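A quick write-up on the structure given underneath.
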Amino acid sequence: QPAVCTRELCVFSFYTLGVMSGAAEEVATGAEVVDLLVAMCRAALESPRKSIIFEPYPSVVDPNDPKTLAFNPKKKNYERLQKALDSVMSIREMTQGSYLEIKKQMDKLDPLAHPLLQWIISSNRSHIVKLPLSRLKFMHTSHQFLLLSSPPAKEARFRTAKKLYGSTFAFHGSHIENWHSILRNGLVNASYTKLQLHGAAYGKGIYLSPISSISFGYSGMGKGQHRMPSKDELVQRYNRMNTIPQTRSIQSRFLQSRNLNCIALCEVITSKDLQKHGNIWVCPVSDHVCTRFFFVYEDGQVGDANINTQDPKIQKEIMRVIGTQVYTN
């Protein structure tokens with residue numbers, strides 16, 4: 001993805017030079033990824049914490065006046081932004097027509113809808129790929145993505161540290177409303193900052209766990225939900241999910257629900273900096289944590305609460321999928 005200076009003049013130049021003119025052409029080939037980006041944007045925008053977590057706020061040039069910004073981080077207008085986002089059509093429909101047809105239909109709905117969609121796509125700083133059928137079956141969701149959110153410089157530092165100390169895998173649970181920012185700013189240490197939502201009981205750092213139930217608990221907290229569900233509750237929700245008839249076979253590749261849970265599988269450096277408090281791990285060095293996979297669950301459901309990333313069978317499966325994905329991309 002192109003890196004863009006945040007100054008208004010640079011944003012203006014970026015648009016007028018046509019750098020993003022074909023951004024929405026991605027819709028035809030990466031529809032599920034765009035669908036996810038829009039869902040994350042919507043979750044952040046509709047959050048009571050939007051003034052903190054909806055970051056970055058879009059910089060979108062007014063199509064009727066290219067010298068001004070219709071959406072300006074210095075003059076935030078959440079209501080107008082919500083209207084434009086509501087007009088971003090269903091991605092399922094977008095995949096049916098040509099790029100020009102898509103743009104034409106969106107312009108009819110709202111002149112700022114298509115420019116906003118361009119911004120959502122082009123501002124994403126992460127490499128996201130929908131996983132094919134050779135995905136991680138133990139996560140029990142069809143919505144699985146390879147997610148590499150670290151800039152090249154951080155990834156290089158990570159690889160150097162990995163050679164020195166080795167690495168392992170652990171889950172990171174964060175409410176879906178936070179991922180709009182994570183994809184653009186990276187996974188950061190939010191402890192003792194305004195971004196912190198949960199208590200930092202074990203000190204400052206990025207919180208991880210080898211046990212899925214712990215991270216699922218964190219991912220479900222947000223939008224006024226501040227009680228961590230018990231493992232029994234998570235198991236009940238997982239069991240209930242497996243009894244729901246699969247009636248969405250045609251459109252199951254897309255997210256149908258607004259009630260989404262998500263969890264990331266990260267690779268973490270196993271240096272002495274990694275603090276292990278039972279099944280809660282804290283990594284104070286943000287360069288030592290890189291996202292690898294992202295999983296989404298609909299209708300408030302969660303995956304298997306009993307996954308342990310330290311289980312050799314689980315590790316073998318992770319390495320199999322990582323091998324087929326990272327090195328082919």
Would you please put 33-46, 143-156 in order of how densely packed they are, using the mean number of other Cβ atoms within 10 angstrom per residue and starting with the highest? 33-46, 143-156
So, in nm, how far is label MET319 from label TYR165 when the simple model puts each one 7 Å beyond its Cα toward the Cβ? 2.1 nm
Contour minus end-to-end for LYS76 and SER286, with contour as 0.36 nm per residue of separation and end-to-end as the Cα-Cα distance? 72.6 nm
Using the Karplus curve 6.51 cos²θ - 1.76 cosθ + 1.60 with θ = phi - 60°, work out ³J(HN,Hα) for each residue of segment 119-131 in order, rounded to whole Hz, and write x for Gly and Pro. 5, 4, 6, 6, 7, 5, 9, 9, 8, 10, 9, 5, 6
What nm value, rounded to one decimal, do you get for the distance between THR68 and SER98 when each label is placed 7 Å out toward the C-beta? 3.4 nm
Under the Karplus relation with 6.51, -1.76 and 1.60 and θ = phi - 60°, whole-Hz ³J(HN,Hα) for segment 207-212, x at Gly and Pro, equal 8, 9, 8, x, 9, 4
How much length is gained if the chain between ASN306 and THR270 is pulled fully straight, taking 0.36 nm per residue apart and subtracting their Cα-Cα distance, in nm to one decimal? 10.7 nm
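How much length, in nm to one decimal, is gained on full extension between ALA153 and ASP299, taken as 0.36 nm per residue of separation minus their Cα-Cα distance?
On the way: separation 146, 0.36 × 146 = 52.56 nm, distance 3.73 nm.
Roughly 48.8 nm would be gained on extension.
From the cross-link list LYS103/LYS154; LYS154/LYS276; LYS74/LYS104; LYS163/LYS316; LYS163/LYS272, which pairs have alpha carbons spaced over 25 Å apart?
On the way: LYS103/LYS154 36 Å; LYS154/LYS276 23 Å; LYS74/LYS104 29 Å; LYS163/LYS316 19 Å; LYS163/LYS272 14 Å.
Table pairs above 25 Å Cα-Cα are LYS103/LYS154; LYS74/LYS104.
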What is the set of long-range amide H partners of LEU69 at a cut-off below 5 Å, with H atoms built 1.01 Å from backbone N? ASP62
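Suppose R0 equals 30 Å; then what is the FRET efficiency for LYS137 and ASP86 from their Cβ-Cβ distance, rounded to the nearest 0.05?
Numbers: r = 36 Å, r/R0 = 1.19.
The formula returns an efficiency of 0.25 here.
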What order do you get for 62-73, 284-295 when each peptide is scored by the mean count of other beta carbon atoms within 10 Å, highest first? 284-295, 62-73
Can you order the peptides 264-270, 135-141 by their average number of other Cβ atoms within 10 Å per residue, highest first? 264-270, 135-141
Between LEU109 and ARG258, with labels modelled 7 Å along Cα→Cβ, what's the label distance in nm to one decimal, could you check? 1.4 nm
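Each value in this text was obtained by applying a stated rule to the coordinates, not by laboratory testing. The structure displayed is predicted, hence computed values, not measured ones. Because the Cβ atoms are built from the backbone with ideal geometry, glycine has one as well, and the counts that use them run over all protein chains shown.
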